[in-house]
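Only one structure is covered here, and it is reproduced in the block below.
The values are calculated or read from the model by the stated rules, or taken from the named source; none is laboratory data. Only a predicted model underlies this, so the values are computations on that prediction, with no experimental measurement involved. Cβ placement follows ideal geometry from the backbone for every residue including glycine, while neighbour counts extend to all protein chains displayed. Accessible surface is based on the protein model in full, side chains and every heavy atom, while ligands, DNA and RNA are left aside. Shrake-Rupley method; radii C 1.70, N 1.55, O 1.52, S 1.80 Å.
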Amino acid sequence: MPHELALSGRRIGALVLRQYYLLRGSVSKIVELFFWTLLNFIIWGYLNRYLQQVQVTPLMAFGVLLAGGMLWEMVIRSQFAMMIGTMEELWSRNLAQLFIAPMRPMEYALGMIVVSFLRTTVTMVPCAMVVDVLFGFNLLDLGWQCVAFYAMQLMTGWWVGMLLSAMLFRYGLAVEWMAWMAGFILLPFTGAYYPITVLPEWLQYVAYLLPPTYVFEGMRQILNQHSFDAMLLWKSIGLNCLYLALSCWLFVRAYHGARQHGTLLHGGE
């Protein structure tokens, strides 16, 4: 026991120094060091600004925040379901075997889209039922727009997930850290918890380029004003279709680039 209590400052210092060298030599660890904390500060800072600017009842604020959180979760679940299959194939070094089958890149992409739809639906439906039981809030109260919003959030997750899968194809697990963070980068700029009018003007232009922005604006319009501007939905559809087509093109190019550079065979851990 006394021997175990005898501590060495040199060994402790060596361990600290080792972690320093690991951190200094890794861009992913440095980014992760600040990313999640900064993301939380930005989101809650803008939410606080919004609540200070407008007069809202606690009940109204509760409904809008809960609906925003649920709609955003659809994007993240859809995105994760799209890219997790690729990551699992890379972890097991099985990606090359899939395409030896042979399997075309768009067949793979469409298969992952189907998987994403199924996994997201299986996740969200029971969770939405629990929210209804515990908090008395039902997304179906949004009306038929709820189904349209769900489709738009799924599509956003698809093109984000496909872009991340393309990066994984091309660069392997070296960009795994980026795959986990990328979807959340969009969160502060989509207005999930607050209108984009609280953002600086230059960031509002960025927000208007993101399909979920129009979903969240439409959701708040229904809950707060009991009306809905269909143009919001059409804008979300147009942007999602554009980005999905672009992501498919980049995915195919990344696949051919991976074959050329051999990363399909050497992308595992």
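Take residue 31 and residue 114, extend 7 Å from each Cα along the Cα→Cβ direction, and tell me the distance between the two endpoints in nm.
According to this spin-label approximation, the distance is 3.3 nm.
Accessible area of residue 125, 1.4 Å probe, to the nearest 10 Å²?
Surface accessible to solvent at residue 125 totals approximately 80 Å².
State the extension gain, in nm to one decimal, for the chain segment bounded by residue 197 and residue 123, taking 0.36 nm per residue of separation less the distance between their alpha-carbons.
Separation in residues times 0.36 nm, less the Cα-Cα distance, equals 23.5 nm.
When each pair of different Cα atoms in the stretch 173-262 is counted once in the 1/r mean, what is the Kirkwood radius in angstroms, to one decimal?
Evaluated over the stretch 173-262, this radius sits at 15.2 Å.
At what distance in nm do the modelled label points of residue 21 and residue 88 sit from each other, each positioned 7 Å from its Cα along Cα→Cβ?
About 3.8 nm separates the two model spin labels.
Relative contact order for the stretch 99-219: what is it in percent, counting Cα pairs under 8 Å that are at least 6 residues apart?
Value for the stretch 99-219: 20 percent.
So how much slack lies between residue 134 and residue 252, counting 0.36 nm per residue of separation and subtracting their Cα-Cα distance, in nm?
38.0 nm
Please compute the modelled spin-label separation between residue 141 and residue 174, points set 7 Å along Cα→Cβ, answer in nm with one decimal.
According to this spin-label approximation, the distance is 5.1 nm.
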